[in-house]
1. What whole number of Å gives the distance from the Cα centroid of the range 255-280 to the Cα centroid of the range 37-78?
2. Could you check which residue among N118, N42, N256 shows the biggest mean-square fluctuation in a GNM of the chain with a 10 Å Cα cutoff?
3. Arranged by the count of other C-beta atoms within 10 angstrom, fewest first, what order do R248, R233 take?
4. Please rank S304, S181, S135, fewest neighbouring Cβ atoms within 10 Å first, as an exposure proxy.
5. First select every other residue whose beta carbon is under 12 angstrom from the beta carbon of G87; then total the charges, Lys and Arg +1, Asp and Glu -1.
6. If the viscosity is 1.567 mPa s and the temperature 4 °C, what Stokes-Einstein diffusion coefficient in µm²/s follows for the range 35-194 when Rh is the Kirkwood radius over Cα pairs?
7. What's the longest uninterrupted piece of the chain once you rule out the GluC sites (Glu not before Pro) that are loop residues per DSSP with at most 15 other Cβ within 10 Å?
8. By average Cβ neighbour count within 10 Å, what is the ranking of 139-146, 283-290 from highest down?
Amino acid sequence: MNILLLVFPIPLLTVLFAQPIYGFESLGAHDVPHFRTLPCPNPEDIAPCICTYTADKGVMDMDCMNISDEEELYQVFHSLIPIPTFGKLSLPSDRLTTLTDEVFRVATFEDVIINCSNDCEPTLTTVGPNTFIKSVSTLMSLTMYPTNISEFPFDTIQEYVNINAFILNDSPLSIFPTISSETLLTLVLINDTFREIPAHILDELPNLKQLELGWNSIDSLGKDVFASLPDIRQIVMVNGGLRHLHSRQFAVTSPNLYVIVLESNLIETVDPDTFIGLQSSTIQLVGNKLTLLPEATWKPLLDSGVILQLAGNDLTCGCDVAWIVLEPTYHPLV
């Protein structure tokens with residue numbers, strides 16, 4: 001008996017197995033081929049989630065925006081997923097109420113986005129302390145908006161050794177969270193309900209660069225609250241409730257801070273030494289309620305090259321601003 005042995009050259013085998021592999025199950029008369037792109041799981045195993053693979057980046061993303069509830073999400077991630085390593089995970093915040101610790105089994109993610117459309121009714125209220133525990137070494141960003149989350153396991157953020165962005169917007173969060181992280185670069189808490197930023201609350205974020213806290217009801221700031229951020233670049237607190245700014249509330253130690261945005265608050269007065277440590281930065285105070293520009297408050301800042309943006313304030317034009325008018329070097333800065 002003659003046996004025909006086919007031997008492929010090694011380079012040909014390399015080419016064959018380096019390409020994305022597609023396949024489909026046996027079809028009925030009216031079936032549509034259900035293609036699979038390796039290393040993604042079989043589409044029917046993870047439906048209604050959709051896995052996409054970007055070959056040039058070697059990354060799988062999982063889109064679960066069409067998931068109906070927690071049970072269906074649980075079934076998806078407890079199905080056969082040969083390689084449970086994903087880049088982006090997308091989830092709806094208006095179809096889930098709780099993300100339990102076991103829901104994702106052994107799956108890991110780099111970026112998690114939980115959101116819904118602007119006119120949706122968010123239902124997500126709870127995220128377990130270990131929901132993303134398998135991603136402690138991979139998670140880089142967690143974005144959630146809008147949600148009904150009033151509590152979150154903020155104390156676990158420090159366990160994620162590569163996280164650089166945390167965003168929680170449009171939630172009923174009523175107390176500014178205590179967060180510790182050596183890697184967090186961006187913290188965004190927009191349109192929540194807290195009113196106070198206590199002193200020392202940011203002390204455990206040594207590498208934070210961007211802080212956005214707009215559309216809150218913030219009317220109270222602790223003294224030196226931003227001074228513990230040695231590399232902060234941007235502080236944004238627009239559309240808040242700030243009315244009177246006091247000494248050292250915006251004291252900074254970062255030489256890289258380039259802007260403080262306080263647009264559309266209710267600011268009427270600013271004490272001397274409110275802003276300390278700014279070097280060639282911009283203070284954006286557009287749309288507040290300032291009427292006076294006391295020399296003791298603003299001259300030291302202009303002497304340091306700080307730019308003041310003051311449009312939309314009802315400033316008086318009297319002798320109290322003569323110190324600015326009579327000094328031409330200040331004119332480009334105001």
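Every number here is computed from the coordinates shown, using simple stated rules; none is lab data. Treat the numbers as computed from the prediction; the structure is a model and nothing was measured. Backbone-built Cβ (ideal geometry, glycine too); neighbour counts: all protein chains shown.
1. Comparing the Cα centres of the range 37-78 and the range 255-280, I get a distance of 46 Å.
2. It is N118.
3. R233, R248
4. S304, S181, S135
5. -2
6. 81
7. 183-267
8. Descending mean neighbour count gives 139-146, 283-290.
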